[in-house]
Amino acid sequence: MRTFEKIADLRRYLAEMRAGGKRIGFVPTMGFLHKGHMALMRAVKEDPEVDLSVVSIFVNPLQFGPQEDYRSYPRDLGRDEELCISAGMDVLFIPAVEEMYPEGFATSVEVTGVTEVLCGRSRPGHFKGVATVVTKLFNIVQPDCAYFGIKDAQQFVVIKRMVRDLNLPVKIKAHPTVREEDGLAVSSRNVYLTKDERRAATVLYRSLECTAAEIRKGERDALRLKRMLTEKISAEPLARLDYAEVLSWPDLRPVDVLRRGEVLAAVAAYFGRARLIDNVLVEVE
């Protein structure tokens, strides 16, 4: 595995690879890698459209609010490097903040509409930070394909919209949410959970699965589904609900009555200091 810290060095190397006909697959991460990241790296290695696999590790300060956990966000670069090697990745990019955002940096990318619900409503400016750093990484790496987990469903939609609107020549590929045996979605922030909070956090997926089951049985009243989802999570004493929503997919619009197609049931809740998100996509017959 080749490791790069400087943008110029990485771009020079990848330009040589592209000149030799290599097609590039890219997995952007914030590190503290878990089974979800490993699944994305397996996906890029197994993709017949890809010849060279690139992973980045960069905790992006622009997507954290002033009261959020940027400084305490879990980091373990040595462990992450070993995991990238074990996954067979060809290139690792680990830029410093000063490399990505040099003095005088004053440009941002903002996607409107789909960013104004769910986490975008709870975390103002978050998706501007995401869109800005992903645009920069796409310009640096110039991948043919990039891979994102659907656990961050809104992020996936935002990036797809940004790529479409800005005519970026990269194919965005989704990977299903990776879960623990009890259903909890894997997340770097799960490390914050105490034993009791870890047990309580399974209420998110259990509630989402109940909602999905009601939809499959024929429930079409979105308000009733949202109320049920809210009540189930709020009944857990260690959960502090941020939002529970049922929205159209992929445009993330509020709906009164579910129509044919896919809908997204999405939740976010605090368990102690950990804010966790989860979702399920449900096909409405």
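Assorted remarks:
- Proximal charge balance of ARG189 [Cβ under 9 Å; K/R count +1, D/E count -1]: +1
- Low-density loop cleavage sites - GluC sites (Glu not before Pro) in the range 87-137, where at most 16 other Cβ are within 10 Å (DSSP): GLU103, GLU110, GLU116
- Extreme residue, positive dipole direction of the chain, given options LEU184, GLY261, VAL282 (C-beta unit charges): GLY261
- Under the simplified labelling scheme, the SER234-TYR270 pair shows an inter-label distance of 1.7 nm, with each label point 7 Å from Cα along Cα→Cβ.
- Calculated FRET efficiency for the pair ARG189/ASP256, C-beta based, R₀ 30 Å, to 0.05: 0.35
- With 0.36 nm allotted per residue and the present C-alpha distance subtracted, the VAL97-ASP196 stretch has 32.1 nm of extension available.
- Dividing the summed -39500 (n - 2.57) terms of all DSSP H runs of n ≥ 4 by the residue count of the chain sets its mean residue ellipticity at 222 nm at -11000 deg cm²/dmol.
- Close amide-amide hydrogen proximity is noted between ARG2 and VAL91, LEU92, each under 5 Å apart and 5 or more residues distant or on a separate chain (H modeled in the peptide plane; Pro and chain starts excluded).
- For the residue pairs LYS35/LYS128; LYS6/LYS173; LYS45/LYS160; LYS160/LYS226; LYS171/LYS195, the C-alpha atoms sit more than 32 angstrom apart in LYS171/LYS195.
- Stokes-Einstein D for the range 13-111, Kirkwood Rh over Cα pairs, 10 °C, 1.306 mPa s (µm²/s): 105 µm²/s
- Sparse-neighbour loop sites [trypsin sites (Lys or Arg not before Pro); the range 21-97; at most 10 other C-beta within 10 Å; DSSP]: ARG71
- Taking label positions 7 Å along the Cα-Cβ direction at both ALA19 and ILE85, the computed distance is 3.0 nm, reported to one decimal.
- The magnitude of the dipole of the range 188-279, with charges of +1 and -1 set on the Cβ of Lys/Arg and Asp/Glu and taken from the Cα centre, is near 140 debye.
- Debye-formula intensities of the chain, expressed as log10 I(q)/I(0) at q = 0.07, 0.15 Å⁻¹, are -0.27, -1.21 (one equal scatterer per alpha-carbon, no solvent).
- Share antiparallel - DSSP beta bridges, the chain, percent rounded to 5: 55 percent
- In order along the range 272-278, the Karplus-derived 3J(HN,Hα) couplings, from 6.51 cos²θ - 1.76 cosθ + 1.60 at θ = phi - 60°, round to x, 8, 8, 9, 10, 10, 7 Hz, and Gly and Pro are given as x.
- Shape category assigned to the range 188-279 from the gyration tensor of Cα positions, a/c cut at 1.5: prolate
- Couplings for the range 151-156, taken from phi via the Karplus curve 6.51 cos²θ - 1.76 cosθ + 1.60 with θ = phi - 60°, read 4, 8, 4, 5, 4, 4 Hz in order; Gly and Pro are left as x.
A short reminder: the numbers here are calculations on the coordinates, not readings from a lab. Because the structure is a prediction, the values reported are computed rather than measured. Neighbour counts are summed over all protein chains in view; Cβ atoms, including those assigned to glycine, are modelled from backbone coordinates with ideal geometry.
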